[in-house]
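The values are calculated or read from the model by the stated rules, or taken from the named source; none is laboratory data. Source: prediction; values computed, not measured. Glycine also receives a Cβ, built like all others from the backbone with ideal geometry; neighbour counts cover every protein chain displayed. Quick note on the areas: whole protein, heavy atoms, side chains included, nothing else; ligands and nucleic acids left out. Shrake-Rupley method; radii C 1.70, N 1.55, O 1.52, S 1.80 Å.
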Amino acid sequence: MTKPTFQRTLALIAGLLLSAGAAVAQSYPAKPVNLMVPYPAGGPSDAIARIFNNPLGKELGQMVLVENLGGVSGALAAQKVLAAPADGYYIFQGTPNEVILAPLANAAVKLKTEDFRLVHPVADMVMVFVTRKDLGVNSVDELMALARKSADKPLTYGSVGIGSLYHLILEKVQVDTGIKLAHVPYKGNAPLMQDLGGGQVDFAVLVYSAAMGALAEQGKLKVIGQLGAQRSELLKNVPTAGEGQTLKNLLYKQWTGFMVPKSTLEAVVQRLHAAIGKTLQDPTVRSQLVAQTQLASSPMTLVESAKFYEAETARYRAIAKQINLQAQ
């Protein structure tokens, strides 16, 4: 084959592939889409999925079915999505815990962060310092001062597991400040909240929830600070850690987003991205998220979503390295 003929053949193949991609995008979705939640029904992740599934289905013109599958730090559901055809009919609802941190902390997790493509973040959650009611501190600075005085008998902090974002944050705080804390891992948010309310553990960094707010109003625990760059509109009376002196650079939020396998056809990803973007502007969706003490994510292009995902991955991998996190 001569060089001109070869080039024409390549151009023809490229054109056919583009045409095929356009045809798929026009027909997608031709059947219901599954939205995979990596935890059992009834939790915060499930609540988000059920806020989005009907409006997203209207934008796509097909039903979006919520599927729950817990296990292996949320990675079991992630691996199921990766094992399915990369055709846009399985969407994964993920956070850094499942797609970035689980592979670093759990030897049983074989997926890589790069196996997924973030189509669009959908919700941001406020993280807070929460303490038992009688700990004797009312601010993050006071908590750090007490921790420094308690080196002989370190304060206990709970998390939802080794390698979780909450665990990483407080291990990094110890490295940065030189204080010593005792980690108490739990199997989930509910038992940790129960023990905080009962005074069995001193404090935790957790996502703020309506249930937490109710316990605080009842005087069963205290919310003393938040981790965002500025006060959330949901917690205007709670100062950020950065407003104090000890942890000025403690800037974190938990986010969740809709993801697909990285090999998913670009035209399908674009169709999903457009539908998610429109759903995020739905006033009912936004108000229902606020009722769950969460905020709709800001609009992002596909390029911005990719850069955000890469930056978050690099950030948490660096923290894992700094605290010498080992897969167990």
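Laid out as a table, the results:
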| read-out | value |
| --- | --- |
| Amide proton proximity set for Leu65, modelled H, under 5 Å, gap of 5+ | Val33, Asn34, Leu35 |
| Simple Cβ-charge dipole of the stretch 87-184, Lys/Arg +1 and Asp/Glu -1, about Cα centre, in debye nearest 20 | 340 |
| For the stretch 306-321 and the stretch 120-163, distance of Cα centres in Å | 23 |
| Surface accessible to a 1.4 Å probe, Ser150 within the full protein complex, Å² | 20 |
| Around Gln281: net Lys/Arg minus Asp/Glu count, Cβ-Cβ under 15 Å | +1 |
| Dipole of the chain [Lys/Arg +1, Asp/Glu -1 at C-beta], most positive-end residue of Leu104, Asn68, Ala210 | Leu104 |
| Three-way shape label, the stretch 207-328, alpha-carbon gyration tensor, a/c 1.5 | oblate |
| Neighbour-limited loop hits for trypsin sites (Lys or Arg not before Pro), the stretch 99-200 (at most 13 other Cβ within 10 Å; DSSP other than H, G, I, E, B) | Lys110, Lys112, Lys187 |
| HN-Hα J in Hz across the stretch 37-48 - Karplus 6.51, -1.76, 1.60, θ = phi - 60°, x for Gly and Pro | 9, x, 9, x, 4, x, x, x, 5, 5, 4, 4 |
| Net charge of Cβ neighbours under 15 Å - reference Gly61; Lys, Arg +1; Asp, Glu -1 | +3 |
| Anisotropy class of the stretch 68-156 from Cα gyration tensor, a/c 1.5 cut | prolate |
| Net length gained if the chain between Lys236 and Lys31 were fully extended (0.36 nm per residue, minus Cα distance) | 69.4 nm |
| Unit charges at the beta carbon, dipole of the chain: most positive-side option, Ile323, Leu251, Thr293 | Ile323 |
| Whole-number percent relative contact order across the stretch 223-268, with pairs defined as alpha carbons under 8 Å at least 6 apart | 32 |
| Carbon and sulfur %, accessible surface of the chain computed with the full protein complex present, 1.4 Å | 56 |
| Dipole moment magnitude, nearest 20 debye, the stretch 202-261 about Cα centre, only Lys, Arg, Asp, Glu C-beta charged | 60 |
| Sequence-distant residues sharing a close amide H with Tyr186 (under 5 Å, placed H) | Ser159, Val160, Gly161 |
| Part-to-part distance (alpha-carbon centres) for the stretch 48-73 and the stretch 194-242, which is given in Å | 29 |
| With all protein chains modelled, accessible area of Ile276 [1.4 Å, Å²] | 0 |
| Chain lengthening between Ala306 and Glu217 when straightened (0.36 nm per residue, less Cα-Cα) | 28.1 nm |
| Beta bridges by DSSP in the chain, antiparallel share as percent, to the nearest 5 | 60 |
| Normalised contact order of the chain, rounded percent, pairs of Cα under 8 Å and 6 or more residues apart | 26 |
| Separation in nanometres of the label points that stand 7 Å from Cα toward Cβ, at Ser150 and Gln292 | 3.3 |
| Taking the stretch 206-328 and dividing mean pair separation by its residue count, relative contact order in percent (alpha carbons under 8 Å, at least six apart) | 18 |
| Residue-wise HN-Hα coupling along the stretch 239-246, computed from phi with Karplus coefficients 6.51, -1.76, 1.60 (Hz; x: Gly, Pro) | x, 7, 4, x, 6, x, 9, 7 |
| Vicinal HN-Hα couplings computed from phi for the stretch 292-303 (Karplus, 6.51 cos²θ - 1.76 cosθ + 1.60; Hz; Gly/Pro x) | 8, 6, 9, 10, 4, 5, 5, x, 9, 6, 4, 5 |
| Candidate values [x] 30, 53, 14, 3, 0; [y] 30, 51, 18, 2; [z] 28, 57, 15, 1, label of the one derived for P(r) over Cα pairs in 20 Å bins from 0, in percent | [x] |
| Cβ charges +1 (Lys, Arg) and -1 (Asp, Glu), total dipole of the chain, debye | 420 |
